[in-house]
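Here's a structure for you.
The values are calculated or read from the model by the stated rules, or taken from the named source; none is laboratory data. Values in this document were obtained by computation on a predicted structure and should not be read as measured data. Cβ sites come from the backbone with ideal geometry, for glycine too, and all protein chains shown count toward neighbours. In case anyone asks, the SASA skips ligands and DNA or RNA and just uses the protein heavy atoms, side chains included. Shrake-Rupley method; radii C 1.70, N 1.55, O 1.52, S 1.80 Å.
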Amino acid sequence: MKIIVRIFLALFCVPFALVAAESAPKPNIIIVLADDLGYGDLGCYGHPSIRTPHLDRMAAEGLRFTDFYSPAEVCTPSRAAMLTGRYAIRSGMSTGGGRVLFPNSKGGLPAGELTMAEMLKTRGYATAHVGKWHLGVIEGSRPNEQGFDESFGLPYSNDMDGRSKVPAGSPNPPVDGWNVPLIRNGKITERPAVQSTLTQRYTDEAIAFAHAHKAEPFFIYLAHTMPHVPLFASAEFRGKSTRGLYGDVVEELDANVGRLLTALREEGLAEKTLVIFASDNGPWLLTKAMGGNGQGGSAGLLREGKGSTWEGGMRVPGIAWWPGRIKPGVTSEMVSAMDLFTTSLALAGAEMPKDRAIDGADISTLLFERKALPERPFFYYRGDMLMACRLGPWKAHFWTQAGYGQPKPDAHNPPLLFHLPSDPSEKFDVAAEHPDVLEKIREAVRVHNATMVRGEPQLK
Ligand code: MG
């Protein structure tokens with residue numbers, strides 16, 4: 001009987017499944033990524049004074065994640081991991097020594113890595129990168145060589161190419177303090193980039209691309225430069241928030257997300273488009289000791305910020321929006337930006353790469369049916385060190401280090417153990433009471449390490 005069932009499945013169901021995938025409408029996919037926006041910086045995540053009505057509405061109409069993780073604590077590895085669906089340690093984009101790429105770095109996202117854009121192109125998607133890249137300027141690593149038909153933005157962080165002695169975290173950064181180029185498809189169009197209008201111009205670019213490609217499926221990776229320091233807001237927003245320049249910048253970002261969603265509605269694209277909003281890592285806390293002056297973001301009740309594997313460094317705002325497909329709600333399922341790779345490929349009917357490890361999971365059933373995801377570990381890397389691991393509600397730290405200003409990590413043996421739902425601020429170590437949980441986490445780490453193939457280091 002089993003054999004007959006198998007033959008039936010082989011003959012009918014598999015071809016039918018293929019036909020179904022072939023004919024299912026392929027949604028447009030837009031990822032809006034903020035840079036260094038903290039867990040506590042939006043109204044819908046509890047900020048008391050920054051006004052974010054558009055993101056609050058997006059969250060109210062869509063699915064808001066309480067436990068959305070950036071795959072790394074700083075820009076370069078986070079973006080590499082999101083676009084490839086793999087921890088950046090696998091592509092060599094997370095290494096000891098350098099933490100991110102710099103303008104003169106000799107490495108970049110290897111040409112052999114498969115990005116979400118490259119995979120979606122196999123299914124006929126038009127692809128655009130708009131905004132910060134930060135995955136390399138060397139041959140093979142640039143946006144047009146990594147699957148994007150169109151590219152417009154900055155090749156790296158807006159605080160690089162410095163030519164001013166004023167720290168990037170100053171409350172009034174000089175407009176010509178940085179010589180960062182604005183690049184369109186490999187050609188410099190403006191230098192230094194006029195940063196105060198970037199949020200608006202990036203959004204214009206994304207809206208124009210969506211309009212031009214409304215008849216075909218498209219993928220837009222809209223990676224805002226803000227609110228990474230130096231902070232710049234346009235005249236319309238400057239001085240308008242009660243939270244200083246940082247608030248002005250976030251309110252402008254919010255207004256431009258609103259413009260994008262309005263454009264999708266007006267084009268009749270809202271019901272055909274999955275839009276994700278997230279941040280690439282936690283907030284840069286920019287203490288006074290770092291030359292900052294109140295211009296860093298907030299991780300809310302989470303501990304620490306950018307650069308750290310405490311929750312504040314990697315748990316970030318995450319919102320999924322697709323009117324008619326995603327029902328409004330809030331979920332505390334643990335997801336990471338690497339899941340966007342796998343989920344996008346599944347929605348597009350694209351084949352998953354089979355020659356490499358993929359860490360992202362398809363979270364479609366969570367998005368559309370609100371089903372719990374199977375339990376899986378999440379690994380917190382800082383450079384080439386596996387610092388911590390989360391499994392279900394539990395997080396174990398083997399090493400801890402502040403994002404900035406703590407020269408060496410602290411080792412923990414036994415590891416620190418926190419129950420995140422009851423202790424989101426990671427204050428109360430309960431390792432002694434839960435040896436069984438620690439053992440389960442240690443086993444997950446053993447399995448991960450045993451199969452890990454590290455990529456050739458690129459951050460050099
Ligand atoms: Mg960042």
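Per-residue answers, yes or no, for (1) over 25 Å from residue 258 (Cα atoms); (2) aliphatic (A, V, I, L, M); (3) not assigned by TED's automatic domain parsing to the domain that holds residue 156:
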site	(1), (2), (3)
63	no, yes, no
68	no, no, no
75	no, no, no
92	yes, no, no
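Got a number for residues in segment 240-284 being open to solvent by 20 Å² or more (accessible area, probe 1.4 Å) and within 16 Å of the ligand (Cβ to nearest atom)?
Result for segment 240-284: 1.
Assess whether residue 49 counts as being hydroxyl-bearing (Ser, Thr, Tyr), more than 15 Å from the ligand (Cβ to nearest atom), open to solvent by 20 Å² or more (accessible area, probe 1.4 Å) and in a loop (DSSP other than H, G, I, E, B).
On the way: hydroxyl-bearing (Ser, Thr, Tyr): yes; more than 15 Å from the ligand (Cβ to nearest atom): yes; open to solvent by 20 Å² or more (accessible area, probe 1.4 Å): yes; in a loop (DSSP other than H, G, I, E, B): yes.
The answer is yes for residue 49.
Could I ask something else about it? Does residue 237 satisfy the condition of being among the aromatic types (Phe, Trp, Tyr), away from the ligand (no atom under 16 Å from the Cβ) and more than 26 Å from residue 81 (Cα to Cα)? I'd like the intermediate steps shown before the answer.
Details: among the aromatic types (Phe, Trp, Tyr): yes; away from the ligand (no atom under 16 Å from the Cβ): yes; more than 26 Å from residue 81 (Cα to Cα): yes.
For residue 237, the condition - among the aromatic types (Phe, Trp, Tyr), away from the ligand (no atom under 16 Å from the Cβ) and more than 26 Å from residue 81 (Cα to Cα) - is met.
Here is a further query. Which ranges mark the helices (runs of 4 or more DSSP H) fully within segment 62-147 that have 3 or more residues being within 16 Å of the ligand (Cβ to nearest atom) and crowded, with 24+ Cβ neighbours inside 10 Å?
75-84
From the list 301, 231, 245, exactly one residue is touching a Leu at 6+ places or on another chain (Cβ under 7 Å), part of a loop (DSSP other than H, G, I, E, B) and over 30 Å from residue 347 (Cβ atoms). Which is it?
Details: 301 fails: touching a Leu at 6+ places or on another chain (Cβ under 7 Å); 245 fails: part of a loop (DSSP other than H, G, I, E, B).
Among 301, 231, 245, only 231 is touching a Leu at 6+ places or on another chain (Cβ under 7 Å), part of a loop (DSSP other than H, G, I, E, B) and over 30 Å from residue 347 (Cβ atoms).
I'm trying to understand the selection: among the residues of segment 309-340, which are among the basic types (Lys, Arg) and either open to solvent by less than 10 Å² (accessible area, probe 1.4 Å) or part of a loop (DSSP other than H, G, I, E, B) (or both)?
Across segment 309-340, the qualifying residues are 325, 327.
In segment 285-304, which residue that is charged (D, E, K, R) and surrounded by 19 or more Cβ atoms within 10 Å (Cβ to Cβ) is nearest to the ligand (Cβ to nearest atom)? Step through it out loud before you land on a result.
The initial filter retains those residues of segment 285-304 that are charged (D, E, K, R), namely 288, 303-304.
Those still in the list that are surrounded by 19 or more Cβ atoms within 10 Å (Cβ to Cβ) too: 303-304.
On the way: 303: 18, 304: 15 Å.
Ranking the candidates gives 304 first.
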